[in-house]
Amino acid sequence: MTQRILVIGAGFAGTWSALASARLLDMAGRTDVEIVLVAPEPHLHIRPRLYEKNPGGMKAPLKQLFDTVGVQFIQGRVAHIDVEHKMVTIADLDAETPHGAISYDRLVLAAGSRLFSPPIPGIQEHAFNVDQIADAVKLEAHLDGLASRPATVSRNTVVVAGAGFTGIETAAEMPSRLREILGENADVRVIMVERNDAIGPDLGPGPRPVITQALQELGVTWKLGSGVANIDANGVTLENGERIDADTVIWTAGARANTLTAQIPAERDAFGRLHVDANLKVIGLDAVYATGDCARATTTDGGDKPTMMACQHAISLGRSAGHNVAADLIGEAPIPYNQPKYVTCLDLGPWGAVYTEGWDRQVVLQGAQGKKLKTEINTQWIYPPSNATRAQALASADPRQAVVA
């Protein structure tokens, strides 16, 4: 009787989970296990690039790749996961009522994450973001429309809420984007707002001098030590009472795992991620694996360092989860998740980029050299194999490969 591995999500982790499962089943000569992947569409959204221009094109087709390796794709939205009965219900993308169900022998939850929106007045109505393609397209349309507005300080001002990885990359793009739209001589203001007392609080002191130099030379300024308290159609009010008038407010602060993780009866961390063992099986459950932004895993570098909610870890987590869920089902040896090298490559707009290695983020490349590497990462390395043969596609899913992103 055919058994089934069900993967939820076609992001970095889900795509690579499906490919890695197919790889092991092919190596073992097993044709009695099917791999089914459920997602809203057969495209990988290149989320790390959504701060760039033309975000509507930041996706890669997956259907041909899935057909090549034998992964069945079901288009839909997962509405409910029944762990006890090993059953998932699926709804149409624009409907709340489930229309079908599918059983599984092993489940891989790779549904990704969403931008965290705290209960700040006006955040839903007046803030833009670059979390999903539709969000980034909406922001781009808004920016393009600024040229038709009266020339005011508010029109020429962008507030970026959050000075973490996404906030820095977004802010670094904004001065040149605004001048393209408003004219090279436009007096533009890009202001980052960060509740913590330093730019890039999670990036640490290693790359901070490079980051601050780049932002200063680009004309980006920042306000530290006070977060956003209120957002309205004309700007933001900070927690310290300061007012910034701006026609454009971009929220970038924080992410949370997909809410489907709450349907799994297991321990979760503060980000909603499921605690998993070294093989990425959800602790306390026999048939459920979690990966990517849905998993709270630990890397080998630094001992108990938790994985980051970033594509660098999602790709490796996906390959490991896919291999191990198939290994579990057919009685092969697992390969524990192992990501000994941690790197960061932060885009700094026209100034360049900064590339660091290690959890202490020692700067290795910066400026034009860093930008060259970042461009390769963004345009080549993080994309799935396209027009690959079956053998090439399966080989690319080996969980022992290193990932830089």
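The values are calculated or read from the model by the stated rules, or taken from the named source; none is laboratory data. The structure displayed is predicted, hence computed values, not measured ones. Don't worry about glycine lacking a Cβ; one is built from the backbone with ideal geometry, like all the others, and counts go over all protein chains shown. To get the accessible areas, we keep the full protein, side chains included, count just its heavy atoms, and leave off ligands, DNA and RNA. Shrake-Rupley method; radii C 1.70, N 1.55, O 1.52, S 1.80 Å.
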Go ahead and estimate [θ] at 222 nm for the chain from helices alone: -39,500 (n - 2.57) per DSSP H run with n ≥ 4, summed, over the residue count, rounded to 500. -8000 deg cm²/dmol
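Need one number for the chain: average projected area of the convex hull over its C-alpha atoms, nm².
19.8 nm²
Relative contact order for the chain: what is it in percent, counting Cα pairs under 8 Å that are at least 6 residues apart?
In percent, rounded to a whole number, it is 19.
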May I ask you to give the average projected area over all directions of the convex hull of the Cα atoms of segment 235-317, in nm² rounded to one decimal? 8.1 nm²
Provide the percentage of antiparallel DSSP beta bridges, counting only those with both residues in segment 117-251; round to the nearest 5. 30 percent
Using 1/(1 + (r/R0)^6) with R0 = 60 angstrom and r between the beta carbons of Ser154 and Arg400, what's the FRET efficiency to the nearest 0.05? 0.70
Calculate the spin-label point distance for Asp92 paired with Thr379, positioning each point 7 Å from the Cα along the beta-carbon direction, and give it in nanometres. 4.1 nm
Order these peptides, 112-119, 281-288, by their mean beta-carbon neighbour count within 10 angstrom, highest first. 281-288, 112-119
Dividing the Cα radius of gyration by the Kirkwood radius, what Rg/Rh value follows for segment 1-145? 1.04
Name the long-range amide H neighbours of Leu44: under 5 Å, sequence gap of 5 or more, or other chain; modelled H, no Pro or chain starts. Ala60, Leu62
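Per 0.36 nm of contour for each residue apart, how much would the distance between Asp277 and Asp197 grow if the chain were fully extended, relative to their Cα-Cα spacing?
25.3 nm
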Between Thr259 and Asp82, what's the calculated FRET efficiency when r is the beta-carbon distance and R0 is 22 Å? Round to 0.05. 0.90
Mind listing the Cα extents of segment 117-251 along all three principal axes, in Å, largest one first? 41, 34, 30
By the C-alpha gyration tensor axes a ≥ b ≥ c (rounded if a/c is under 1.5, else prolate when a/b exceeds b/c, else oblate), the shape of segment 282-405 is oblate
For the chain, accessible area per residue (1.4 Å probe, heavy atoms of protein chains only), Å²: 42 Å²
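Could you tell me the ratio Rg/Rh of segment 348-405? Both radii from Cα atoms, Rh via Kirkwood.
Ratio value, two decimals: 1.09.
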With labels modelled as points extended 7 Å from the Cα through the Cβ direction, what inter-label distance (nm, one decimal) is found for Glu267 paired with Thr31? 4.4 nm
So, R0 is 35 Å and r is the distance between the beta-carbons of Ala147 and Glu41; what FRET efficiency does that work out to, to 0.05? 0.60
If I stretch the segment between Ile181 and Leu224 completely, what's the gain in nm (0.36 nm per residue apart, minus their alpha carbon distance), one decimal? 12.7 nm
For segment 117-251, what is the relative contact order in percent, using Cα pairs closer than 8 Å and at least 6 residues apart in sequence? 34 percent
Which length gain, in nm to one decimal place, applies between Phe116 and Asn240 when the Cα-Cα distance is subtracted from 0.36 nm times their residue separation? 42.4 nm
State the antiparallel share, in %, of DSSP beta bridges confined to the chain, rounding to the nearest 5. 50 percent
